[in-house]
2 protein chains.
Amino acid sequence: MHYLYCVSRTQNIHVTVDAIVFGYSKEEGVMVVLIKRKYPPFEGDWAIPGGFVEETESLEHAVERELQEETGIQINYLEQLYTFGQPKRDPRKRIISVAYFGIVKTSEFKRLHADTDAVAAQWFNIKELPKLAFDHQELLDVAIERLRGKIVYQPVGFELLDKKFPFSDFENLYSTLLDRPIDRRNFKKKVMHLGILDKLEEKAKSTGSGRPGNLFQFNESRYKQLVSQGIHFEI
Amino acid sequence: MHYLYCVSRTQNIHVTVDAIVFGYSKEEGVMVVLIKRKYPPFEGDWAIPGGFVEETESLEHAVERELQEETGIQINYLEQLYTFGQPKRDPRKRIISVAYFGIVKTSEFKRLHADTDAVAAQWFNIKELPKLAFDHQELLDVAIERLRGKIVYQPVGFELLDKKFPFSDFENLYSTLLDRPIDRRNFKKKVMHLGILDKLEEKAKSTGSGRPGNLFQFNESRYKQLVSQGIHFEI
DNA sequence: TATATTTGTGTTCTTTTTACACAAATATAT
DNA sequence: ATATATTTGTGTAAAAAGAACACAAATATA
C-alpha cells in the first residue's frame, strides 16, 4: 500500500462521535449524562449521547450538535478522549466512534438537571450507573479514568465549578474524585502557593449552617504561565 | 437525533490509520520513519505511513498491516495517539485519520535503518524534518509531545532501548528527549531507588574510548507493581 | 444563649530534591 | 611503555517540599 490517499476504495465504515459529559455539585457528587434508547438494539438501555458525523462538519462540531439535539446541553469544556473501533462493537455495521470528554459547570449542571428529563436524558452519579448499551461502559470507564487523572496535574476542576466558589467546594471535588480524604490545610497551602486561585473579598452566601467562607476564583493567566513552564499539578 | 444508531444514513467519510514510529540510537538520537509520496497530491513530499482501514479488521490490526506493507516495520510498542478529522485535511475527500504512536527498539531500529530505503521509507531525526504532506507535521508534533510527556512519568524509554543497555544510553535518551542536561548521579540515584532497573553482572563491550560500564535491564514486574500502586515517574 | 457546623490558620518533623568533584578503567597516540 | 583523552562510578550536605496535626472564630438552629 504505497498508494495511501491515492486509491479510491469504497469503505463501508461509519463514523460517529460520542460525548461523555460530566457535571458536579457538592450535594450529588460527580454526575454523567446518559440517554435512554428508544429503539433496538439495546432498546430501553441507557447510552452515551452521540451520533453520526456529517460530511462537512468538524468532529467537535458534530459533538456539540449532537449534544444539543439529544440533551440540550452546551458544554464549556471539551477534549477528545479516545477512538473506539472494534469491528463488532455495533451488531449492525462497522462503526468507528470518536469519543469526547465534556464538562459543564455546577450552575449549568443544576439548571440542566432540572429539565433534561424532558428530552429523555438523565444525570447519573458515576458510582451508581445503570447497565449501558454497546461498549459504552468501557467508554465511560476510560472517561472517568481520564477525569481523575487530569485533575491531579491540570486544574480541570475549575471547569466543573462555577466561576466563583468557596474553597470547600474545590476541596470536596478533589476529595470526591480522588476518593480519599484531603488535608485541608496542606491542600490549601499548596494550591495558594501555586497561585492558581485568587481569594475574593466576597463571602459565600450562607448555604446552611456553619461559618461563611471567602469565595475564590480561578486565575487563568497564572495557570497558563505555569503550563508554559511545563509545570504539573501533583495535588 | 434520538435515533442514534437507528438511522441508516449514507456517510461518505473514509477512515485511515497513520503510524508515527520512533526509533533511537545513541549516535543518531530520536528518529521517526517517513515515506516518500509517489503520486499527487503532495507528490514527492514525505508523509507519515498509513492507509485505509478494512471493514473487518481492528484499528490496531490496520496499523500493523499498513506499517508492514509500507515500511517492513514490526513495532514492539503501539498506542493510540489522537484522531484527526478536520473536513479539509485531505483535498480530495473527507478522511478521518486515527493516528497511532509506535516504538521500535534500538537494535531493530539499526537493522531497519539499513534497509528501509528499499521500500521508499526513511528514518529522519526529529530535529531535522523535511516538509511533510497534508497536516502530517501536526500529527508529528502531537506525537513528539506525547513521547516527551510519556517518558517523564512512564518508562517508555525502555521500549526504545534494547533489552540490555549501558546506563549512559538510558541517561542520554532522557537528556535528548527532554532536551536538557541531566545530573548523572541524581538521575541514577532516583532510577535505582525506584527499582525499575536491574544491574547485570555483564559489562558492556567496549564501544569506543572510556571505561566500560555495567549493563542494565528493565525490571518489568517491579514496574507493573509500581503502576498498580498508581505511582508516577517524575524523572 | 447553648449547641452544632463549617471556616481559617502555623509549626514541626520527615522526605525528597538539588548541587557538586574526583578517582578508576579503558582506548589511542606517541 | 607511558602519557593523554574519554567514559564510568560514587556520597554528602544544604534546600525545598510534603505530611501530620488542633484549636479558635463565625454563623444557623434549637
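Every number here is computed from the coordinates shown, using simple stated rules; none is lab data. Computed from a predicted model, the values in this text were never measured in an experiment. Every residue, glycine among them, receives a Cβ derived from its backbone with ideal geometry; neighbour counts consider all protein chains shown.
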Gaussian network model of chain A, Cα springs within a sub-10 Å range: biggest mean-square fluctuation belongs to which of A:179, A:45, A:135? A:179
DSSP bridge pairs, chain A: antiparallel proportion in percent, nearest 5: 75 percent
Residue A:26 versus residue A:231: modelled label distance in nm, points set 7 Å from Cα along the beta carbon direction: 2.8 nm
For the axis mapping A onto B, the chain A residue whose beta carbon sits nearest, plus its rounded distance in angstrom, comes out as A:83, 2
Environment charge of residue A:78, counting only residues whose C-beta is closer than 11 Å and scoring Lys/Arg +1, Asp/Glu -1: -4
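For the stretch A:157-228, state the semi-axes of the equivalent ellipsoid (square roots of 5 times the eigenvalues of the alpha-carbon gyration tensor), sorted largest first and rounded to whole angstrom. Can you show the working numbers first?
Working: eigenvalues 80, 51, 26 Å².
The three semi-axes for the stretch A:157-228 are 20, 16, 11 Å.
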Name the lysines eligible as straight-distance cross-link partners of residue A:189: C-alpha to C-alpha under 17 Å, and not fewer than 8 places from it in the same chain. A:199
Can you give the angle from 0 to 90° between the axis of helix B:59-71 and the longest principal axis of chain B, with both taken from C-alpha atoms, to the nearest 10? 80 degrees
Note the distances from residue A:228 to each other copy's matching label point, with points 7 Å along the Cα-to-beta-carbon direction, in nm, sorted shortest first. 4.4
Residues of type aspartates and glutamates that residue A:203 reaches as a straight line, Cα spacing below 14 Å, ignoring anything fewer than 8 places off in the same chain: A:169
Can you list the HN-Hα couplings for the stretch B:174-190, worked out from phi with the Karplus curve (6.51, -1.76, 1.60; θ = phi - 60°), rounded to whole Hz and with x for Gly and Pro? 5, 4, 5, 5, 7, 6, 7, x, 10, 6, 4, 5, 5, 4, 5, 4, 5
Which of these, A:42, A:165, A:134, has the largest mean-square fluctuation under a Gaussian network model of chain A (Cα springs below 10 Å)? A:42
Output the Kirkwood hydrodynamic radius of the protein assembly as shown, Cα pairs only, in Å rounded to one decimal. 24.8 Å
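Can you give the helix-only mean residue ellipticity at 222 nm for chain B, where every DSSP H stretch with n ≥ 4 adds -39500 (n - 2.57) and the sum goes over all residues, rounded to the nearest 500 deg cm²/dmol?
On the way: 7 runs with 75 residues, N = 235.
So the calculated ellipticity at 222 nm is -9500 deg cm²/dmol.
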Compute the acute angle (0 to 90°) between the alpha-carbon long axis of helix B:136-151 and the principal axis of greatest extent of the alpha-carbon atoms of chain B; round to the nearest 10°. 30 degrees
If you count, for every residue in A:135-145, the Cβ atoms of partner chains within 10 Å of its Cβ, what is the mean? 0
Based on the Kirkwood radius over alpha-carbon pairs, what is the Stokes-Einstein translational diffusion coefficient of chain A at 10 °C with 1.306 mPa s viscosity, in µm²/s? 81 µm²/s
What FRET efficiency comes out for the pair residue B:77/residue A:128, r = Cβ-Cβ distance, R0 = 56 Å, nearest 0.05? 0.90
